[in-house]
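Undergrad: The structure under discussion is supplied below as structure tokens; questions concerning it will follow.
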Amino acid sequence: MFSYCSDPDSLGTFAWFSCYLTTGVHMSFYVAFFKVLLLLAITAPVALGFGFLGAMAARSRIAPLRWLGKIYIAIVRGVPDIAFFLFFVIALDQAVEYLRHKMLCPDWDQPIRQGSDFVVCQAAKMPLGNAPQYLHETYGFFLAVFTFAIVFGAFAANVLYGGMRAVPHAQLETAEAYGMSHRQTFWRVLVPQMWVFALPGLSNLWMVLIKATPLLFLLGIEDIVYWARELGGTKTSKFTSFPHGDWRMWYFLFLLIFYLAFTRVSEIVLERVMQRLTHGQATSGGEAQRKAAA
Amino acid sequence: MKNLILGTAAVALSAGIAFADGHGKTIRMGTEGAYPPYNFINDAGEVDGFERELGDELCKRAELTCEWVKNDWDSIIPNLVSGNYDTIMAGMSITDERDEVIDFTQNYYPPTASAYVGASDGVDVLEGVVAAQTATIQAGYVAESGATLVEFATPEETVAAVRNGEADAVFADKDYLVPLVEESGGELTFVGDEVPLGGGIGLGLRESDTDLKGKFDAAITSMKEDGTLNTMLKKWFGDDTTTY
């Protein structure tokens, strides 16, 4: 990156590291941090949305909808993450290609499954075989977001379901006594009050989600853990201008600090949110706040 | 759930239409990117190595547009058969077990010698603990040799296991081990005898892709005939390497 980097062997320690840490591979490593943050930023609200829908379905008065919500929560929570990530993503990808194949190539006469091969016509490939690599990566990234959202949505649904049931029943009865419809009671009384009960569970989920991002590598996305392993591995002078021994410990130490700092910041933010949500609530926390103010 | 999948499919379709005007198939070349000198990631972050140079030349001769894709070794065959890329060039030796699942071209690297590397001379590679990468011919060989096999997902970890004493020796392709031994400053040394394994390294393809196999076979033959493959082998593996 810098002009003096053409001959790293002659450099002092500081200059050597300034070159080493700005090589193309290291740039990919830094970009991977943004990938992880972006994944979290998109996945968290989508998963919360899935969770909310799941919880609403699970307490619905319409039986089939209620079964659907409960089945979603039970099945996804019961399947190990890794199995879900390995199986579901390949299945989803093949389902998309299968549908496209049926629609785009109606006169294809060969079977799609040939032994262990999964063969669809070129036009049905997703993304297309000649699409640039970044499109393949973006597609994979959104498959990952979707999978994460389904998995964490199921947990969130269970937490929100519990939060909804924790709202004191007297509150709902009072709302009905004032003549509110079911829908009004739900949106104006139940939902605003449930968050304070759901937040401890949701904050747990958020912490787990942060630490689950290395699962991205299972989906072929080069995340920070992949790069730490790749960059930290022994490099011999034949294949790089920056040979070094096994430095994986240092890279993983850096990841450790990153994850610790990130979870710490999250804790502080969640604590603030909890303070705000407690305000004016009929809980012991809300009561304590009221007394402190008085 | 069903609606979600259909919704995704609809989005996927509309995205597909926008890119459908491109023509000609791009051959996606899958590799591991962690096995120098066969394939590795260079300082610029690109796939580099013997197989990169060879693969690019083969594509040129076969008049194909090629693009390189990295994939973990563990899932490199499943992702080939499910169509995420079209070839594997990742130092993969031709074996009967693999040949049942995928197809290989003729070899572009002669049957290789595998070697043991340990931390000291006196290691008994037939009775001690030997590290090898998961799902390689070397792992299979160690398991049958009587030694205790410990498997790792990446080649890097197999060597690290010897360095930190977890294993007495590592068993891998000799070409991968040579630069590591040379630069270890005496910490690592070759032990035991070299073992010739496998039917050489070939380019892996889906069994249904017979056209592509024909094209790559022809390109490899032409490179063997005019000597360019030998020049490339010497460039990456030294003058003493086996040539055609």
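Undergrad: With a length cut of 24 Å (Cα positions projected on each helix's long axis) and a Kyte-Doolittle mean of at least 0.5, go through chain B and give me the DSSP H helices that pass.
TA: The qualifying helices are B:2-19.
Undergrad: A follow-up question, please. Evaluate Rg over Rh across chain B, taking Cα atoms for both radii and Kirkwood's formula for Rh.
TA: My calculation puts Rg/Rh at 1.03.
Undergrad: Testing the spin-label approximation: label points 7 Å from Cα along Cα→Cβ at B:THR242 and A:ALA170. State their distance in nm.
TA: Between B:THR242 and A:ALA170, the simple spin-label model gives 8.6 nm.
Undergrad: On average, how many beta carbons from a partner chain sit within 10 Å of the beta carbon of a residue in A:112-120?
TA: That works out to 5 on average.
Undergrad: Which three semi-axes in whole Å describe the equivalent ellipsoid of the protein assembly as shown, each the square root of 5 times a Cα gyration tensor eigenvalue, listed largest first?
TA: 50, 30, 21
Undergrad: Restricting to the stretch B:113-196, what percent of DSSP beta bridges are antiparallel, rounded to 5?
TA: Percentage antiparallel, nearest 5: 60.
Undergrad: Moving to a separate point now. Just check the stretch B:162-244 against the gyration tensor rule for me: Cα atoms, a ≥ b ≥ c as the square roots of the eigenvalues, rounded for a/c under 1.5, and otherwise prolate or oblate depending on whether a/b exceeds b/c.
TA: Note, shape of the stretch B:162-244 comes out prolate.
Undergrad: Using just the helices of chain B, give the 222 nm mean residue ellipticity in deg cm²/dmol: DSSP H runs with n ≥ 4 each add -39,500 (n - 2.57), and the total is spread over all residues, rounded to 500.
TA: It lands at -11500 deg cm²/dmol.
Undergrad: No other cysteine beta carbon under 4.7 Å away is the test; run it over the protein assembly as shown and list who passes.
TA: When partners are defined as cysteine Cβ atoms under 4.7 Å apart, the protein assembly as shown leaves no cysteine without one.
Undergrad: While we're looking at this one, here's another question. Suppose every K and R has +1 on its Cβ and every D and E has -1 on its Cβ; what is the size of the dipole of the stretch B:113-196 about the Cα centre, in Debye to the nearest 20?
TA: 100 debye
Undergrad: Among A:PRO45, A:PRO168, A:PRO111, whose mean-square fluctuation peaks in a Gaussian network model of chain A (Cα, cutoff 10 Å)?
TA: Most flexible of the set in this elastic network: A:PRO111.
Undergrad: Now a separate question. Mean-square fluctuation check for chain A, GNM, Cα pairs under 10 Å: which of A:ARG61, A:ARG248, A:ARG229 is largest?
TA: A:ARG61
Undergrad: At a 10 angstrom cut-off on C-beta neighbours, averaged per residue, how do the peptides B:26-37, B:89-100, B:124-135 rank from highest to lowest?
TA: Put in order of decreasing packing, that is B:26-37, B:124-135, B:89-100.
Undergrad: Related question: Averaged over peptide B:77-89, how many Cβ atoms belonging to another chain are found within 10 Å of each residue's Cβ?
TA: Mean number of neighbouring Cβ atoms from other chains: 3.
Undergrad: Using only Cα atoms, figure out Rg for chain A and give it as a multiple of 2.2 N^0.38 Å.
TA: Ratio of Cα Rg to 2.2 N^0.38 Å: 1.33.
Undergrad: Would you tell me the mean number of C-beta atoms belonging to other protein chains that fall within 10 Å of each C-beta in A:123-129, as a whole number?
TA: What the average comes to for A:123-129 is 6.
Undergrad: Roughly how many debye, to the nearest 20, is the charge dipole of chain A about its Cα centre, given +1 on each Lys and Arg Cβ, -1 on each Asp and Glu Cβ, and no other charges?
TA: My answer is approximately 1080 debye.
Undergrad: Give the lysines reachable from A:LYS211 as a straight Cα distance under 22 Å; neighbours fewer than 8 places away on the same chain don't count.
TA: A:LYS35
Undergrad: Related question: For the cross-link pairs A:LYS102/A:LYS125; B:LYS174/B:LYS235; B:LYS70/B:LYS234, which exceed 21 Å when the distance is taken from alpha carbon to alpha carbon?
TA: B:LYS70/B:LYS234, as the Cα separations exceed 21 Å there.
Undergrad: Per DSSP H run of n ≥ 4, the term is -39500 (n - 2.57); total these for chain A, divide by its residue number, and report the mean residue ellipticity at 222 nm rounded to 500 deg cm²/dmol.
TA: -23000 deg cm²/dmol, from helical runs alone.
Undergrad: Magnitude of the Cβ-charge dipole of the protein assembly as shown, K/R +1 and D/E -1, about the Cα centre, nearest 20 debye?
TA: 4120 debye
Undergrad: Something else about it: Kindly express, to the nearest 10 degrees and within the range 0 to 90, the angle between helix A:24-58's C-alpha long axis and the longest C-alpha principal axis of chain A.
TA: Helix A:24-58 sits roughly 20 degrees off the main axis of chain A.
Undergrad: Taking B:LYS60 as the anchor, which aspartates and glutamates have their alpha carbon closer than 17 Å to its alpha carbon, excluding any fewer than eight residues away along the same chain?
TA: B:ASP48, B:GLU51, B:ASP86, B:ASP211, B:ASP217, B:GLU225, B:ASP226
Bear in mind that the values in this text are calculations on the coordinates, not laboratory data. The structure displayed is predicted, hence computed values, not measured ones. No Cβ is skipped: glycine too gets one built from the backbone with ideal geometry, and neighbour counts run over all protein chains shown.
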